[in-house]
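Undergrad: Please read through the structure below; I'll follow up with questions.
The values are calculated or read from the model by the stated rules, or taken from the named source; none is laboratory data. This structure is a prediction, so every number in the text was calculated from the model and none was measured. Glycine also receives a Cβ, built like all others from the backbone with ideal geometry; neighbour counts cover every protein chain displayed.
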Amino acid sequence: MKIYTKKGDLGETSLIGGKRVPKNDIKIESYGTVDELNSHIGLVRDQLEEDSETFSTLLEIQDRLFTIGSQLAVSEDGSSMKLPDISEADISFLENQIDKMNEELPEMRNFVLPGGHTTVSFCHVARCVCRRAERMVVALQQIQPNYQQEVKYLNRLSDYLFVLARKLTKDLGAKESPWKPRA
């Protein structure tokens, strides 16, 4: 299989189902941002021990992000290809992970500034890209209202990534810097 096909040289690409669209189409922007998020999560995962629960959780999340990307890549006309879906169980999985991590963390009394350790910073970057992916899918949702589960998953994932950043701060012995607004 050749990596280059030259079919995109004029600024168009194909959706699942065959429809050709410009490479800046909202669908392409949406799944491209989800792909970017997946890469950032891979970077966070690369900082962790392979036998850790968080490592396994991030692998599961990356799988789910591929599912979201495939759903976003389907033409409005549909496709005969059978693709996996995002389910309530996927969202509950994230919620359970958030709750489990939160049990170990001190109560938040302020917003926190991203940083404190490289791994924590990678996690915050992933969180920000996740929020952008969510905004893109919300914009797509306004045109094609069939992405409720994907929006919900991305929303919960950004919460997960925030709590994970706090947990990693604690686990790595880094300092959490509260934001103190000027008077």
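Undergrad: So, in the stretch 1-47, of the ones that are part of a loop (DSSP other than H, G, I, E, B) and either of a type in the set (Gly, Ala, Ser) or touching a residue at least 60 places away in the same chain (Cβ under 8 Å) (or both), which residue ends up surrounded by the most Cβ atoms within 10 Å (Cβ to Cβ)?
TA: 15
Undergrad: Something else about it: Which members of the stretch 164-183 meet the condition of being out of contact with any Leu (no Cβ under 7 Å at 6 or more places or on another chain) and assigned to a helix (DSSP H, G or I)?
TA: Result: 164, 165, 168, 169, 171.
Undergrad: When you go through 60, 104, 50 one by one, which is the residue that is in a helix (DSSP H, G or I) and closer than 30 Å to residue 172 by Cβ?
TA: After ruling out the rest, the residue left standing is 60.
Undergrad: Between residues in the stretch 171-182 that are closer than 16 Å to residue 104 by Cα and residues that are polar (S, T, N, Q) and outside any loop (DSSP other than H, G, I, E, B), which pairs lie under 6 Å by C-beta distance while being six or more apart or on different chains?
TA: Going by the 6 Å Cβ cut-off, the qualifying pairs are 176/169.
Undergrad: Continuing with the same structure: Does any residue in the stretch 133-147 that is over 22 Å from residue 40 (Cβ atoms) and part of a helix (DSSP H, G or I) come within less than 8 Å, Cβ to Cβ, of a residue that is aliphatic (A, V, I, L, M) and at pLDDT 95 or above six or more places away or on a different chain, and which pairs are these?
TA: As it stands, the answer is 141/151; 143/26, since those pairs meet every condition given.
Undergrad: So, in the stretch 87-113, of the ones that are surrounded by 12 or more Cβ atoms within 10 Å (Cβ to Cβ) and among the acidic types (Asp, Glu), which residue ends up farthest from the chain's Cα centre (by Cα)?
TA: Filtering the stretch 87-113 for residues that are surrounded by 12 or more Cβ atoms within 10 Å (Cβ to Cβ) and among the acidic types (Asp, Glu), the one farthest from the chain's Cα centre (by Cα) comes out as 95.
Undergrad: Any idea how many residues of the stretch 79-101 are assigned to a loop (DSSP other than H, G, I, E, B) and of a type in the set (Asp, Glu)?
TA: Qualifying residue count, the stretch 79-101: 1.
Undergrad: Here's a follow-up. Filtering the stretch 64-78 down to residues that are assigned to a loop (DSSP other than H, G, I, E, B) and not small (Gly, Ala, Ser), which residue is nearest to residue 29 (Cα to Cα)?
TA: So the residue we want is 76.
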